[in-house]
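Structure, as C-alpha cells:
The values are calculated or read from the model by the stated rules, or taken from the named source; none is laboratory data. Please read all numbers here as calculations on a predicted model, not as lab measurements. Cβ placement follows ideal geometry from the backbone for every residue including glycine, while neighbour counts extend to all protein chains displayed. Accessible surface is based on the protein model in full, side chains and every heavy atom, while ligands, DNA and RNA are left aside. Shrake-Rupley method; radii C 1.70, N 1.55, O 1.52, S 1.80 Å.
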Amino acid sequence: WLSSMKFRVFITDAQSHDRTVAMTSHVIQLLASALGSTIFEELGENDPGNHLDHLALSGGALAGFSRLMSSPVGMWHEISVQNRNEIQKVLSKLILKMQSLCMAESATGSEFQSIFEDAAMISKGLQK
C-alpha cells in the first residue's frame with residue numbers, strides 16, 4: 001500500500017540502514033553545522049562587527065548548506081549520540097579525504113582527480 005501512495009519502499013537490515021544514513025544524512029548535517037560555525041568564527045576574527053557582510057561573497061553552495069545550518073541542535077545531538085559509531089567511521093574516512101585535498105601539491109594528481117570523479121558519480125545517481 002505504500003507503493004500505491006508513491007512511497008519508495010527500500011528493505012534493508014539495521015546495520016546497512018545506519019551506515020547509509022550516517023553517510024547520506026547525519027555526517028552532511030554535522031559538516032554543514034561545523035562549516036557554518038567555522039565561517040562565523042573566521043569572519044568574526046577578521047572583521048568584528050561586520051563579519052556577516054562578507055557572506056555576500058559566498059556562492060550557491062553555501063546557500064544550499066544554510067538550511068542545514070539552522071537545524072535544531074537537540075534533535076541532531078540525540079541522533080549523533082545514537083549513531084556515534086557509524087558517524088565516526090564515516091568522519092574518519094572523510095577527514096582523510098579532506099587532508100588529501102588540502103595537500104594537493106603532495107597528493108598525486110590522480111588521487112585528487114579520483115575524489116572528484118567519485119563525487120561526480122554520486123551526483124549523477126542523485127539526478128535520476
What number of residues in the stretch 86-128 are under 17 Å from residue 29 (Cα atoms) and touching a residue at least 12 places away in the same chain (Cβ under 8 Å)? 6
Failed condition for residue 44, given (1) under 18 Å from residue 119 (Cβ atoms); (2) touching a His at 6+ places or on another chain (Cβ under 7 Å), with all others met? (1)
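Could you please find all residues in the stretch 7-25 being open to solvent by 100 Å² or more (accessible area, probe 1.4 Å) and either modelled with pLDDT of 80 or more or not in a loop (DSSP other than H, G, I, E, B) (or both)?
Scanning the stretch 7-25 gives 7, 10, 11, 15, 19.
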Being over 18 Å from residue 19 (Cβ atoms) and open to solvent by less than 100 Å² (accessible area, probe 1.4 Å) is the filter here; which residues of the stretch 93-112 pass it? 98, 99, 100, 101, 104, 106, 107, 108, 109, 110, 111, 112
Take the residues of the stretch 70-92 that are among the charged types (D, E, K, R) and out of contact with any helix residue (DSSP H, G or I) (no Cβ under 9 Å at 6 or more places or on another chain): which is most open to solvent (accessible area, probe 1.4 Å)? 84
